[in-house]
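The values are calculated or read from the model by the stated rules, or taken from the named source; none is laboratory data. Since this is a predicted model, take the numbers as computed values, not measurements. When we count neighbours, we look across all protein chains shown, and the Cβ atoms used for this are built from the backbone with ideal geometry, even at glycine. Note: areas computed on protein heavy atoms with side chains; ligands, DNA, RNA excluded. Shrake-Rupley method; radii C 1.70, N 1.55, O 1.52, S 1.80 Å.
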Amino acid sequence: MQQRFLAPLFLTLSSSSLSSVLGFQLRPPQTTNSSPSRVFLSASTSSTTDTLTDTEVQSLFNLLADSTILYDPSRGTCCRNRCSGCTYLDPAGNFLFDEYTTNNSEEDSRGWLAPYVNVDFGERIQTSKWSTLLFPPVSSDDSDDDNKAAKKKKEVKRKEFTTLLEQQLSSSSSVSPLAIQALWNTLSPSVGYPRLTSTEIIRAIKGMEGAKSEMGGAVTYDTFAKNLLAAGDQIQQLGGLSDGDDESKVVDYDAMEKEELLDLCVERGMKTNFPKMKRIIIEELRFFDANGRQGKRHPVKNTLS
């Protein structure tokens, strides 16, 4: 406060003259190192941009979003056995469902991230666009032709995630490594996962700030953009992207036993008052790796922050 008050009075004086007038020696301000103490290195290539662009956000959303969303009004409670008197059947005996399309929605004309892999209402079945892209069908090695039906991949690894996205992006809509890493982090339970399952992605979509509960947790473009930009900012605050191989920088906690994971928590000074499920322990460790501190778990969404 004293420096702010006196500075205008002695604006034209040199530092030595000002010291003689004030009667004490001025010392230069102390500089501090403002770089974060912990940097999470997680991307495979260096980013050429410091922030995500609107074009990148739009390109990624277009790859993953559906123009039509089907919603189960029973919220999964209907057993789908067409029970007599079921309130989720129409007079013709068909299952009821709500349908949202971009054609009749001015507010959400760009579509939504579907909060499911697929939904089955008997006469109407729909598979989400993001699950088709990230978990493409794979053929079985079984020699029996009847058993060679295409099956969905159960998980997608970090490098494969980038490859799948880049294969679908045109040269005119390419996105930076920062944007892809931000998307990976947004769809992950916590920063640093080496692989993702469809269940984890569904949980991440429903858990995004601003997801529409009245549509089962579907995500609009504006909500997607907000969460993606926040993930990009977090990456930059933690030191940006690395130049090394991303998988070599990530500890494969999935390959460890639960006791080993708990020992790591104790070594890092973390409280272990969370449920002793392997998935939960890994989420806690990855959040610690990314932020240098233990996270606080949301009582409803069950996410760390």
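Name the single residue that is nearest to Gln234 (Cα to Cα) among those in segment 285-303 being among the aliphatic types (A, V, I, L, M) and surrounded by 14 or more Cβ atoms within 10 Å (Cβ to Cβ). Among those residues, the one meeting the criterion is Ala290.
Screening Gly122 with (1) within 30 Å of Leu304 (Cβ to Cβ); (2) modelled with pLDDT of 80 or more; (3) open to solvent by less than 70 Å² (accessible area, probe 1.4 Å) gives one miss only, at (1). At least 2 residues being modelled with pLDDT under 50 is the threshold, and among the helices (runs of 4 or more DSSP H) wholly inside segment 1-108 those reaching it are 2-6, 15-22. Screening segment 175-284 for helices (runs of 4 or more DSSP H) wholly inside it with 1 or more residues that are within 13 Å of the chain's Cα centre (by Cα) and surrounded by 14 or more Cβ atoms within 10 Å (Cβ to Cβ) returns the ranges 177-187, 198-207, 221-237. The test for being modelled with pLDDT under 90, open to solvent by less than 20 Å² (accessible area, probe 1.4 Å) and over 18 Å from Leu64 (Cβ atoms) does not hold for Ser171. Taking residues in segment 67-85 that are farther than 27 Å from Thr102 by Cα and open to solvent by 40 Å² or more (accessible area, probe 1.4 Å), and partners anywhere that are of a type in the set (A, V, I, L, M, F, W, C) and not in a strand (DSSP E or B), not one pair has Cβ atoms closer than 7 Å while being at least 6 places apart or on different chains. Quick one: is Tyr116 among the aromatic types (Phe, Trp, Tyr), part of a loop (DSSP other than H, G, I, E, B) and either closer than 17 Å to Ala211 by Cβ or free of Cβ contacts under 8 Å to residues at least 12 places away in the same chain (or both)? When the stated conditions are applied, Tyr116 passes them.
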